[in-house]
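*Asks:* Handing you a structure now.
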Amino acid sequence: MNAVPKDEMTPLERMAAFAAGKPYDRIPCSSFSGETACHFIGTTVSKYRHSAKLMARVETVTYKMFGHDGAGVGPGFLALAEAMGTELKYPEDNIPFVANPVLKNWDDFDKLEPADPHKDGKLPIYLEALAMIKDAIGDEVPIGSSVGGPFTTAALVRGTENFLKDLRRNPEMAHRLLQLVTNTTLNYIDAVMDMGCSISIGDPTASGSLLSVKQFREFAKPYLSKLSDRVIERTGKGPMLHICGDSTPIWSDMADTGAPTLSLDNVIDLAKAKKVVGDRVCIMGNVKPIDTIMKGSYQQIEAEVKECLRKAYDSPKGFILAVGCQVPLGTTADNFMCFMNAARKYGRYPLNPDNFI
Amino acid sequence: MADQQIILDRLAEGVREMDEDLTLEASHEALDNHVDALTAINQGLVVGMNQAGLLYEQEEYFVPELLLCSDAMYTGLDILSPHIQRSSAEDKHKVVIGVVEGDTHDIGKNLVKLMLEVADFEIYDLGRDVPPADFIGKVKEVGADIVCLSTLMSTTMDRMVDVIELLKKEGLREKVLVMIGGGPISQAFADRIGADAYSENAIAAVADAKRLIALKKKVAV
């Protein structure tokens, strides 16, 4: 295969041009490497999750390695729930999980308060890491922080199974909890905005694989909108939104929340997304993180990058090449690099279908 | 016996309509009216759960509804099970089920467990965050026909490989069918790791389990 063309713009320049509809050098690209990349600097997930310095180091090192179009760290849903009192278990080298939800009994509801991002749980670590990353590479690349959608975070505060039952058994309390979680998240968002960084939202439990459209509209959408409204109020532009699994029936609702970009899971057909919601939002996706990025050959990675481009390159509000969901631990740096280089090879501006047939 | 059918219908309705109180009441009615406990379960509760499964397939019900049907089902089982006259455990197919090590998401596993129970499989539930050796130990102990592995996280998918490798090492792989499922799992992944089936949801898991057992019997003949 021919040589990989070098990037001619910094991610900040590229994303600004992309947003303004001006020429850029190659398709914007996000690899969602996140904590998976902690192995590239020889640390473990648990050490990473407890240290602003390690988080910052992972982000700066991986940015220098791959040159993707965004860097940053965020509490996601786990650390937001933790900041409200849910107990997490941190395996030495795997993703933490909920050991003990704080609100197993509704009687304890009045003891809960919105978390303070400068004090509670590990939120201060994330803010500190963001500051370090911004300081190190913020002049080249957009720095952002990812937060959980209120539905997912609330499920971890209450215990997911209980919370799903509450939607029918105790909808009034479910809403009160969602509002409390939303307030926590808004506090964190404000702190991130104060630093001049951006926000993205992931709401995996609000997935069509678990909820009906009606339930999404009643329990997830209004609170996602509240987060979006705050981000728009502060920056003029809404946050990127990712929902795992099959989100097909709720694309319009996701766009209604004010998110300008929808990041779609790899189970989604990008061609269909382009047709249904591409005239309202920028579409982002959706190379398979496991079958392709982690376990695939270089040929498979290139073939799937081309397939995504083929399906969505001409989406009316734009297309960002990305992985469909988080890439698992154990994925090699070579495979990440192959993904980025495929974007450089086949996603040259102006995007030309002849290059990705 | 008209009375009996009315009670059975109420049991089914209680489960299907997520109504624990109705299920409780109908279960006591069944006992008071000398309805055979096994009949009450199979032609009452189980019918209701299968109707709920159908509603799920038709996208009338989603996971929150299935969880509540499941609660109602267990409420009825708690009352009726102690009154089952004879043990029919001998001829049931045995399933060992659990969430693999490192993962505690067990909603999907619990739904699969319930639907398999409803379909008359004998279930050995190892819970969540289960080390590979525990699966193998239980398979050996009970002489399981099927082992079901579940995970929601991509980071723990490969623990399924560990279980399969350990089954091979212990010479058990040919004896037991392996079914896998969960968010990040795909048919491609099942093929790659040599699982016998990937089931997309709890309803599909029942069909897969029955199909695999039938196939195995056919091969054995």
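*Asks:* So if I place +1 on the C-beta of Lys and Arg and -1 on the C-beta of Asp and Glu, and nothing else carries charge, what would the dipole magnitude of the range B:89-220 be about its Cα centre? I want it in debye, nearest 20.
*Replies:* In debye, rounded to 20, the range B:89-220 gives about 400.
*Asks:* Hey, got the dipole for the range B:2-83? About the Cα centre, +1 on K and R Cβ, -1 on D and E Cβ, debye to the nearest 20? Kindly include the intermediate steps, with their values, before the conclusion.
*Replies:* Numbers: 2 positive and 17 negative charges, 53 e Å.
Dipole about the Cα centre, nearest 20: 260 debye.
*Asks:* Pairs of alpha-carbon atoms within less than 8 angstrom and 6+ residues apart define the contacts here; what relative contact order does the range A:91-168 have, in percent?
*Replies:* Computed value for the range A:91-168: 40 percent relative contact order.
*Asks:* Continuing with the same structure: Nearest 10 degrees, 0 to 90: what angle lies between the long axis of helix B:158-169 and the longest principal axis of chain B (Cα atoms)?
*Replies:* 80
*Asks:* Over the range B:2-83, what relative contact order in percent results from Cα pairs under 8 Å that are six or more residues apart? Spell out each step's value before the answer.
*Replies:* On the way: 114 pairs, mean separation 32.9, N = 82.
So the answer I get is 40 percent.
*Asks:* Based solely on its DSSP helices, what 222 nm [θ] is calculated for chain A when runs of n ≥ 4 H residues each add -39,500 (n - 2.57) and the sum is averaged over all residues, nearest 500 deg cm²/dmol?
*Replies:* Taking each H run of at least 4 residues, the total per residue is -13000 deg cm²/dmol.
*Asks:* Something else now. Considering only DSSP beta bridges where both residues belong to chain A, give the percentage that are antiparallel (nearest 5).
*Replies:* Antiparallel bridges: around 15 percent, rounded to the nearest 5.
*Asks:* Which of these, B:Met153, B:Met73, B:Met179, has the largest mean-square fluctuation under a Gaussian network model of chain B (Cα springs below 10 Å)?
*Replies:* Of B:Met153, B:Met73, B:Met179, the Gaussian network model singles out B:Met153 as fluctuating most.
*Asks:* Out of all DSSP beta bridges with both ends in chain B, state the antiparallel percent to the nearest 5.
*Replies:* 0
*Asks:* Hey, another quick one. Can you tell me how the range A:277-357 classifies by the Cα gyration tensor, rounded, prolate or oblate, using a/c under 1.5 as the rounded cut?
*Replies:* Note, shape of the range A:277-357 comes out oblate.
*Asks:* Ranking request for peptides B:129-136, B:189-196, A:204-211: highest mean number of other beta-carbon atoms within 10 Å first, then the rest in descending order.
*Replies:* Going by the mean number of other Cβ atoms within 10 Å, highest first, we get A:204-211, B:129-136, B:189-196.
*Asks:* Also, quick follow-up: Take each uninterrupted DSSP H stretch in chain A, measure its Cα extent along the helix axis, and return the ones at 18 Å or beyond whose mean Kyte-Doolittle hydropathy is at least 1.0.
*Replies:* For chain A, where a helix must reach 18 Å along its axis and average at least 1.0, the hits are A:123-137.
*Asks:* With springs connecting C-alpha atoms under 10 Å apart, model chain A as a Gaussian network and identify which of A:Met193, A:Met84, A:Met240 has the largest mean-square fluctuation.
*Replies:* Its mean-square fluctuation being the largest, the pick is A:Met193.
*Asks:* With charges set only on the Cβ (+1 for Lys and Arg, -1 for Asp and Glu), what does the dipole of the protein assembly as shown come to about its Cα centre, in debye to the nearest 20?
*Replies:* 2100
*Asks:* To continue, here is another question. Pairing the Cα long axis of helix B:202-220 with the longest principal axis of chain B, what angle in degrees results, from 0 to 90 and rounded to the nearest 10?
*Replies:* The two axes meet at around 70 degrees.
*Asks:* Only Cα pairs within less than 10 Å get springs; with that Gaussian network setup on chain A, which residue of A:Glu302, A:Glu92, A:Glu82 has the largest fluctuation?
*Replies:* Judging by the Gaussian network model, the answer is A:Glu92.
*Asks:* Using a ≥ b ≥ c from the Cα gyration tensor of the range B:167-221 (square roots of the eigenvalues), is it rounded, prolate or oblate, where a/c under 1.5 gives rounded and otherwise the larger of a/b and b/c decides, a/b for prolate?
*Replies:* On the way: a/c = 2.35, a/b = 1.22, b/c = 1.93.
In terms of gyration-tensor shape, oblate.
*Asks:* Then there's this: Students often forget the sequence filter, so: which lysines lie under 22 Å Cα-Cα from B:Lys168 once same-chain residues fewer than 8 apart are removed?
*Replies:* Here the lysines satisfying the reach criterion relative to B:Lys168 are B:Lys94, B:Lys138, B:Lys140, B:Lys216, B:Lys217.
*Asks:* Can you pull out the GluC sites (Glu not before Pro) in the range B:161-221 that DSSP calls coil and that have at most 11 other Cβ atoms within 10 Å?
*Replies:* B:Glu174
*Asks:* Right, next: Please report the antiparallel percentage of the DSSP beta bridges confined to the range B:87-205, to the nearest 5.
*Replies:* For the range B:87-205, the DSSP antiparallel bridge percentage is about 0.
*Asks:* For the range B:89-220, just say rounded, prolate or oblate: build the C-alpha gyration tensor, square-root its eigenvalues into a ≥ b ≥ c, call rounded for a/c under 1.5, and beyond that prolate if a/b exceeds b/c, oblate if not.
*Replies:* Verdict is rounded for the range B:89-220.
*Asks:* Return the average number of partner chain Cβ atoms within 10 angstrom of each residue Cβ along peptide A:284-294.
*Replies:* Counting other chains' Cβ atoms within 10 Å and averaging over A:284-294 gives 2.
*Asks:* For helix B:132-142, report the angle its Cα long axis makes with the longest principal axis of the Cα atoms of chain B; keep it between 0 and 90° and round to the nearest 10°.
*Replies:* 60
*Asks:* Which whole number gives the average, over all residues in A:159-171, of C-beta atoms from other chains lying within 10 Å of the residue C-beta? Don't skip to the end; give the middle numbers.
*Replies:* Values: counts 0, 7, 9, 1, 1, 8, 8, 1, 6, 5, 6, 0, 0.
Taking all residues of A:159-171 together, the mean is 4.
*Asks:* Please state the Cα pair-distance histogram of chain A with 20 angstrom bins from zero: what percent is in each bin?
*Replies:* Result, from short to long distances: 31, 60, 9, 0 percent.
*Asks:* Turning to a different aspect of this structure: Among all the aspartates and glutamates, which ones have a C-alpha under 16 Å from A:Lys47's C-alpha, if same-chain residues fewer than 8 places away are not counted?
*Replies:* A:Glu35, A:Glu59, A:Glu92, A:Asp93, A:Glu128
*Asks:* Count the net charge of all other residues whose Cβ sits under 12 Å from the Cβ of B:Ala204, scoring Lys and Arg as +1 and Asp and Glu as -1.
*Replies:* After counting each charged neighbour, the total is -1.
*Asks:* Between A:Lys111 and B:Leu54, what FRET efficiency comes out of the Förster formula 1/(1 + (r/R0)^6) with R0 = 56 Å and r the beta carbon distance, rounded to 0.05?
*Replies:* 0.85
*Asks:* Just from its helices, what would the mean residue ellipticity at 222 nm be for chain B, if runs of 4 or more DSSP H residues each count -39500 (n - 2.57) and the sum is divided by every residue, rounded to the nearest 500 deg cm²/dmol?
*Replies:* Value at 222 nm, helices only, nearest 500: -17500 deg cm²/dmol.
*Asks:* Taking only C-alpha pairs under 8 Å that are 6+ residues apart, what is the relative contact order of chain B in percent? Please report the intermediate quantities before stating the final value.
*Replies:* Values: 363 pairs, mean separation 35.3, N = 221.
Result for chain B is 16 percent.
*Asks:* In straight Cα distance, which lysines are under 25 Å from A:Lys165, not counting same-chain residues fewer than 8 positions off?
*Replies:* Counting by Cα, and skipping residues close in sequence, A:Lys165 has these lysines nearby: A:Lys89, A:Lys104, A:Lys111, A:Lys214, A:Lys221, A:Lys226, B:Lys109, B:Lys113.
*Asks:* Now a separate question. Quickly work out the A:Tyr298-to-A:Ala99 label distance, labels modelled 7 Å from Cα along the C-beta direction, and quote it in nm with one decimal.
*Replies:* Going from the A:Ala99 label point to the A:Tyr298 one covers 4.4 nm.
*Asks:* Now for a different question. In whole angstrom, how far apart do the alpha carbon centroids of the range A:33-68 and the range B:141-203 sit?
*Replies:* Using only Cα atoms, the two centres lie 31 Å from each other.
*Asks:* Enter the mean number of other protein chain beta carbons within 10 Å of the beta carbon of each residue in B:154-167, as an integer.
*Replies:* Details: counts 12, 13, 6, 5, 6, 1, 0, 0, 0, 0, 0, 0, 0, 0.
For this peptide, the per-residue mean of nearby foreign Cβ atoms is 3.
*Asks:* What residue among B:Leu24, B:Met73, B:Ala195 has its Cα farthest toward the positive end of the dipole of chain B, where the charges are +1 on Lys, Arg and -1 on Asp, Glu, each on the Cβ?
*Replies:* B:Ala195
*Asks:* What is the distance in Å between the Cα centres of the range A:229-304 and the range A:120-190?
*Replies:* Comparing the Cα centres of the range A:229-304 and the range A:120-190, I get a distance of 20 Å.
Only the coordinates and a few stated rules stand behind these numbers; no lab work does. Since the model is a prediction, treat every value here as computed from it, not as a measurement. Note that each Cβ is placed from the backbone with ideal geometry, even for glycine, and that neighbours are counted across all protein chains shown.
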